[in-house]
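The next block holds one structure in the form of structure tokens; read it before the comments.
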Amino acid sequence: MADLQNQHPTVMEPYDLIIVGGGPAGMTAAIYGARAKMRTLLIEKAKHGGQAATTEEVENWPGSGKTTGPELMKQFREHTEHLGVEMIKEDVARVDLKGEIKVIETRKGNRYEGRAVILSPGAHPRTLGVKGEGPLRGKGVSYCATCDADFFTELDVVVVGSGDAAVEESLYLTKFCESVTMIVLHPEGTMDANKASQERAYANPKIKYVWQSAIEEIKGDGIVESVVLKHLGTGDLTEMPTNGVFVFIGTVPNTEFLKDTGLALDSRGYMLADSETMATNLDGVFAAGDARQKWLRQIVTAASDGAIAACAAEKYLAEEEHLRHEVLEPKEPVLAVFWSPASKESLDVLGWAEQANTAAGGTFKLARIDLYKSARLAQRYGVTQVPSVLLFMNGEVVDRLEGNFDDFTHWITEKTVTAAK
Amino acid sequence: MLEVNKETFEAEVLQAKGAVAVDWWSPQCEPCKELMPEVEVMAGKYGSTIKFCKVNVIENRRLALGNKVLGLPTFLFFKDGQKVAELAGPEACTPEAIEAELKKLA
């Protein structure tokens with residue numbers, strides 16, 4: 001009987017926090033959310049761990065030494081489950097994030113409501129966009145070395161790209177393949193990957209390089225047989241026989257479902273968020289992980305985003321709760337005084353407000369709001385300076401006083417008379 | 001789901017009358033493993049008209065290559081031993097796409 005509510009999520013109270021996307025960012029946010037005693041729901045459409053779950057070698061997660069993506073993500077997931085986070089496997093189709101209650105609808109037709117949302121939808125591999133790539137996908141063209149490396153045992157493959165992923169996955173492929181040829185855009189000796197990975201690649205006799213070149217076309221009848229390479233300096237085209245093409249040229253954010261929702265995205269679809277707090281342009285909505293516009297995309301920075309976003313969400317919920325309780329919900333008129341410890345005048349106004357209210361028989365409820373601690377609130381009500389006094393009736397601003405407080409006592413008396421009517 | 005291999009593929013899939021769906025997977029393929037429970041559900045739903053098989057490509061690499069399976073996950077759909085449809089790669093092998101093929105096949 002006690003679990004009856006849990007069987008009917010659609011009639012439940014809104015969650016404190018809904019997290020969309022169960023990669024390293026989302027799972028870390030869930031861990032922090034659960035530890036902060038927020039009622040947390042984690043929605044993941046496929047496998048927990050995101051892109052990290054298909055990355056074979058992970059050597060830069062502190063404390064784990066040399067581990068694998070699937071193993072590390074299994075530990076993340078167990079940790080998250082252990083803390084009692086509710087996890088569901090569904091694909092988010094539509095969101096409404098503008099209101100005080102955020103609504104998430106899934107492809108299965110379920111609807112979930114939350115007071116705060118963390119978006120950590122991750123990213124997927126970018127495609128080359130060349131002739132032959134589409135038809136030969138799964139026929140020798142691959143974006144996942146751990147999935148497909150086995151097929152190429154003792155065969156020759158090319159890897160497109162020169163970033164961390166391209167180099168790491170090339171090293172992994174050498175365990176299976178006869179040869180791995182990296183197709184690099186840059187002139188000889190220049191790769192985008194970190195130095196340590198580059199040195200391991202150069203030391204591996206199975207890895208060969210074609211410099212300053214790009215793939216023009218992938219050819220094959222049913223399966224990959226060759227690639228046409230274009231030298232970027234001379235423009236010369238050459239055809240090179242190969243059995244497989246592995247593409248690691250960056251990612252595209254999974255933010256299609258966020259278009260036209262009011263959430264700010266950059267021109268490439270990455271979510272824009274404050275790098276200090278992960279706050280997006282929408283109140284109560286935070287962004288984390290690879291789908292956020294950021295400088296470094298790693299498991300450790302995704303986890304960092306998740307931790308920050310969850311703490312920022314917790315602070316947001318506390319502020320909202322405080323606002324509701326102190327300002328919006330009281331039956332009596334509320335005099336909200338925006339103050340700051342640095343402004344002596346604002347401290348005076350606090351004192352005057354208290355005295356005037358007592359003199360008037362306690363008509364008002366007084367709410368003290370620290371401008372700097374509640375910057376977001378201040379912004380919502382257009383408060384830019386201290387002292388500022390806002391009069392709320394039934395949750396609405398009905399009057400305000402800013403700048404000149406010489407006649408403050410008179411102003412309060414006048415409002416007391418009005419309020420009494 | 002019926003586990004088939006290089007010895008049994010001929011009899012269970014190519015010689016089989018009617019519709020057969022073959023799920024090509026490997027223990028290293030995370031998207032494959034993630035898909036498996038949903039495929040099991042579909043096997044229950046369509047099992048009366050479609051035979052569901054799976055092949056671990058690690059143990060049957062030559063069989064996979066013989067069927068031009070060169071990426072995972074891959075789903076092949078057969079009717080009376082003839083290949084009639086195919087989904088290759090994690091982007092193509094969504095539960096929705098698989099179910100759509102099953103409906104056509106049933």
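Among the residues of this structure, A:Glu90 counts as one that is open to solvent by less than 20 Å² (accessible area, probe 1.4 Å) and touching a residue at least 24 places away in the same chain (Cβ under 8 Å).
Just to verify a result, which residue in segment A:118-139, among those that are of a type in the set (A, V, I, L, M) and more than 29 Å from the chain's Cα centre (by Cα), is least open to solvent (accessible area, probe 1.4 Å)?
We begin by selecting, within segment A:118-139, every residue of a type in the set (A, V, I, L, M); these are A:118-119, A:123, A:128, A:130, A:136.
Narrowing the set further to residues that are more than 29 Å from the chain's Cα centre (by Cα) leaves A:130, A:136.
Working: A:Val130: 31, A:Leu136: 9 Å².
It comes out as A:Leu136.
Considered as a group, the residues in segment A:56-69 that are over 20 Å from the mean Cα position of the chain (by Cα) and touching a residue at least 24 places away in the same chain (Cβ under 8 Å) include one that is farthest from the other protein chains (Cβ to nearest Cβ), and that residue is A:Pro62.
Hey, among the residues in segment A:258-283 that are out of contact with any Leu (no Cβ under 8 Å at 6 or more places or on another chain) and surrounded by 18 or more Cβ atoms within 10 Å (Cβ to Cβ), which one's modelled with the lowest pLDDT? It comes out as A:Asp283.
Taking the criterion of being outside any strand (DSSP E or B) and open to solvent by 20 Å² or more (accessible area, probe 1.4 Å), the residues of segment A:140-162 that qualify are A:Tyr143, A:Asp150, A:Thr153, A:Glu154, A:Leu155.
Against the numbered list (1) within 28 Å of A:Met278 (Cα to Cα); (2) outside any loop (DSSP other than H, G, I, E, B), A:Phe392 comes up short only at (1). Can you tell me which condition A:Lys45 does not meet? The list is (1) away from every other protein chain (no Cβ under 12 Å); (2) over 25 Å from A:Glu320 (Cα atoms), and all the others hold. Result: A:Lys45 fails condition (1) only.
Among the candidates B:Ala16, B:Ala11, B:Ala85, single out the residue that is of a type in the set (A, V, I, L, M, F, W, C) and without any contact (Cβ under 8 Å) to a residue 12 or more places away in the chain. Steps first, please.
Details: B:Ala16 fails: without any contact (Cβ under 8 Å) to a residue 12 or more places away in the chain; B:Ala85 fails: without any contact (Cβ under 8 Å) to a residue 12 or more places away in the chain.
Unique residue meeting the criteria: B:Ala11.
Among the candidates B:Lys68, B:Lys83, B:Lys45, the residue that is open to solvent by 20 Å² or more (accessible area, probe 1.4 Å) and touching a strand residue (DSSP E or B) at 6+ places or on another chain (Cβ under 8 Å) is uniquely B:Lys83.
The single condition among (1) within 14 Å of chain A (Cβ to nearest Cβ); (2) farther than 22 Å from A:Ala46 by Cβ that B:Cys32 does not satisfy is (2).
Being in a loop (DSSP other than H, G, I, E, B) and either assigned by TED's automatic domain parsing to the domain that holds A:Ile223 or not aliphatic (A, V, I, L, M) (or both) is the requirement here; does A:Glu188 meet it? The answer is yes for A:Glu188.
The values are calculated or read from the model by the stated rules, or taken from the named source; none is laboratory data. Worth saying up front: this structure is predicted, and the values here are computed from it rather than measured. Reconstructed Cβ throughout: ideal geometry from the backbone, glycine too, with neighbour counts over all protein chains shown. SASA here: full protein model, heavy atoms, side chains in, ligands and nucleic acids out. Shrake-Rupley method; radii C 1.70, N 1.55, O 1.52, S 1.80 Å.
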